[in-house]
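First up is the structure itself, then whatever we jot down about it.
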Amino acid sequence: MHPTSQAYKDTVYAPVRTTTARVTFDISDITAADDVTSIATTTELASISQKAQINNNVREAKTNLATLEQDRFKLDGSFSFADDVTPANNGEVGFVSSVLCNGAGTFTTPQTITVNFGSNHSSAGLTVTFDVFNNEYATDFNLSAYNATGGLIDSVDVTGNTETIRSFLGQFLNYKKVVLTINKWCVGNRRARVLEIDFGFLITYNDDSLISCNLIEEMDMTSGQLPSPEFRFTVDNSERLFNILNPTGFYKYLQQRQQVIADLGMVLENGKIEYVPLGNYLLWEWMSEEGSLTATFTARTNLDLMANYTYEQLTESSKTLYDLAVEVFGICRISNYSLDLALKSITTNSLAKATDCKTILQMIAIAGRCNIYVTRDNIITLKQPTFGGAIDDVTFDNIYNEPKIELERITKQVDVNYWTDLETSVVVSVTAPGVEIGDTLKLEENTLINTSTVALAVANWILAQKQYRAKYSVNWRGNPSHELSDVIAIENTYGGDMDALITKTELTYEGYLQARTESKGAVN
């Protein structure tokens with residue numbers, strides 16, 4: 001369950017509530033960030049500065065680092081001291097200048113960041129993110145793009161800026177260098193701070209322009225299926241920026257894998273909005289509806305990208321499932337993953353005929369008795385399941401109809417093959433005690449299972465997971481902080497709440513929020 005404040009908890013189930021949503025869409029050249037050859041500055045950096053972070057698609061710091069700047073270090077518990085030994089522990093910092101501006105906010109020596117690329121890039125604009133955490137920003141600055149010969153393509157002078165994230169719409173074609181020059185800061189005696197430079201146009205859609213959005217996320221308790229989250233949103237396109245024939249629009253700059261970040265907020269009693277993340281996604285498909293003057297976008301996660309990469313191992317290579325998973329993620333160039341440490345105790349010979357990496361990851365999960373799901377931060381997670389106590393109650397006060405309950409078929413037996421090589425396998429079977437009639441499940445093609453011990457453990461795990469065959473479907477007001485694998489207590493007419501583990505969530509926002517939650521519990 002995503003952590004929230006008590007004020008949020010009081011609001012989400014209040015008889016009357018107000019919800020809001022926002023979608024941040026980064027229409028950038030997705031190849032530009034990886035093509036950065038150098039980031040240069042003309043002045044000295046502060047010791048905490050991590051300028052390499054300014055092109056990593058993170059636009060918000062999680063911590064507020066204490067520094068020697070007039071009236072900045074407040075003794076209110078919101079600041080922390082920097083780790084000078086291991087800078088990575090400081091989280092997202094970005095560029096921080098060593099020099100402070102004067103009392104009027106002016107830098108005697110302008111603070112300059114120069115980003116160089118290995119090849120030419122084009123984008124619908126450029127975006128600069130300053131200090132969002134403290135609502136501080138450059139008021140006067142310049143952003144310029146240059147071609148391969150040093151010729152100026154476009155230059156934007158800004159004075160009187162009041163935004164922490166500033167986007168510039170334009171036809172930035174075939175640039176090889178981008179230069180940001182900061183002349184004045186919004187507060188005197190401050191260091192310049194730049195958290196991110198996006199090589200494109202960053203748009204945030206809210207209730208004024210967001211028509212609707214929908215999230216579907218799902219997991220299989222035995223990892224027999226591998227569904228990936230899907231986020232879809234529809235926006236106002238009355239200006240026809242996404243029409244294919246518009247020569248000054250965005251359409252020609254749309255690319256698969258552009259970043260989409262979604263949040264859903266509750267308006268608290270004090271009028272403030274507390275947002276819960278709906279996910280960090282990659283653009284997958286898009287469509288402009290000319291008749292309705294809207295544009296619809298579908299976004300997915302890195303899990304779908306893994307299907308584009310191939311794994312093959314025809315000779316034995318003994319390693320743990322943990323190490324094999326790390327290797328597979330490396331093939332796919334994915335770094336945002338989380339693996340259960342239990343995978344370090346299970347060994348495989350790594351044998352597999354040529355297949356896509358998404359399938360291999362599924363095989364690893366099953367051999368390691370793990371569920372696979374993608375978190376709201378786009379982290380692919382392999383975790384051995386636990387069924388603990390309920391962390392939240394879903395009551396009739398928030399349910400539209402009586403929860404639907406289905407009993408899935410009884411599993412009598414599970415057969416699992418283990419492979420001594422790619423051509424030879426042996427079957428291990430387990431049977432549910434006291435069950436005379438039921439299905440027999442077969443796991444035959446997982447060549448990462450190589451011993452009878454592992455096969456027996458997998459068979460027992462599948463049989464145990466199949467005991468959670470009471471499937472509950474609830475149409476209700478919804479709580480966006482619920483996540484996959486959370487255990488909830490569902491009220492029913494006959495007394496006694498039913499504890500069930502969330503396996504699927506669908507959230508729909510159209511100016512108001514509604515939800516459909518599927519979960520599984522044991523049959524008593």
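Taking the DSSP bridge list for the chain and keeping only pairs wholly inside it, about 90 percent are antiparallel. Summary of packing: across the peptides 351-362, 182-193, 263-274, the per-residue average of other C-beta atoms within 10 Å ranks them, highest first, as 182-193, 351-362, 263-274.
The H on the amide N of residue 154, modeled in the peptide plane, is under 5 Å from the matching H of 145, each at least 5 residues off or on a different chain. Label sites at residue 245 and residue 510, each approximated as a point 7 angstrom past Cα along Cα to Cβ, lie 3.0 nm apart. Taking label points 7 Å from Cα along the Cα-to-Cβ direction, residue 208 and residue 326 give a separation of 4.8 nm. With protein chains left intact and a 1.4 Å probe, residues in the stretch 162-235 average 35 Å² of accessible area per residue. Residue 9 sits with roughly 90 Å² accessible to a 1.4 Å probe, with DNA, RNA and ligands left out of the calculation. Dipole magnitude for the stretch 420-479: computed about the Cα centre from +1 point charges on Lys and Arg Cβ and -1 point charges on Asp and Glu Cβ, it is near 560 debye. Applied to the stretch 90-101, the Karplus parametrisation 6.51 cos²θ - 1.76 cosθ + 1.60 on θ = phi - 60° returns per-residue 3J(HN,Hα) values of 7, x, 7, 10, x, 7, 9, 6, 7, 6, 9, 6 Hz, with x for Gly and Pro. In the assembled protein chains, residue 207 presents an accessible area of approximately 80 Å² (probe radius 1.4 Å).
Rolling a 1.4 angstrom probe over the protein heavy atoms with all chains in place gives the stretch 385-464 an accessible area of 56 Å² per residue. For the peptides 160-166, 436-442, 112-118, residues were scored by their other Cβ atoms within 10 Å and the scores averaged per peptide; the highest-first order is 112-118, 160-166, 436-442. In order along the stretch 335-344, the phi-based Karplus estimate (6.51 cos²θ - 1.76 cosθ + 1.60, θ = phi - 60°) of 3J(HN,Hα) comes to 10, 8, 9, 9, 10, 5, 5, 4, 5, 6 Hz; Gly and Pro are listed as x. Apply the a/c threshold of 1.5 to the C-alpha gyration tensor of the chain and tell me whether it is rounded, prolate or oblate. Prolate. How high is the FRET efficiency between residue 238 and residue 16 when r is their beta carbon distance and R₀ equals 22 Å, given to the nearest 0.05? E(calc), rounded to 0.05, equals 0.10. Here the accessible area is traced with a 1.4 Å probe on the protein chains. For the chain, carbon and sulfur cover 48 percent of it. The residues 293, 407, sorted by heavy-atom accessible surface at 1.4 Å with ligands and nucleic acids left out, run 407, 293 from largest to smallest. In the stretch 342-476, the DSSP beta bridges split such that about 75 percent are antiparallel, to the nearest 5.
From helices alone, the chain scores -2500 deg cm²/dmol at 222 nm; the rule is -39500 (n - 2.57) for each run of n ≥ 4 DSSP H residues, then divide by the residue total. Be a star and scan the stretch 177-201 for residues whose amide nitrogen sits under 14 Å from the point 7 Å along the Cα-to-Cβ vector of residue 155. Counting backbone N atoms under 14 Å from the label point, the list is 178-182.
Straight Cα distances below 17 angstrom link residue 272 to the aspartates and glutamates 10, 207, 263, with same-chain residues fewer than 8 positions distant left out. Taking the centroid of alpha carbons for each part, the stretch 201-266 and the stretch 441-475 are 35 Å apart. The Cα center of the stretch 352-379 and the Cα center of the stretch 121-169 differ in position by 40 Å.
Under a 5 Å amide H cut-off, with hydrogens placed 1.01 Å from N, residue 196 pairs with 129 among residues at least 5 apart or on other chains. Nearest-5 percent of antiparallel DSSP beta bridges in the stretch 304-393? If we restrict to bridges inside the stretch 304-393, about 75 percent are antiparallel.
3J(HN,Hα) along the stretch 25-31: 10, 9, 8, 10, 6, 5, 8 Hz, from the Karplus curve 6.51 cos²θ - 1.76 cosθ + 1.60 with θ = phi - 60°, whole Hz, x for Gly and Pro.
The values are calculated or read from the model by the stated rules, or taken from the named source; none is laboratory data. None of the values given here were measured: they were computed from a predicted structure. Neighbour counts run over all protein chains shown; Cβ positions are idealised from the backbone, glycine included. Only protein heavy atoms, including side chains, enter the accessible area calculation; ligands, DNA and RNA are left aside. Shrake-Rupley method; radii C 1.70, N 1.55, O 1.52, S 1.80 Å.
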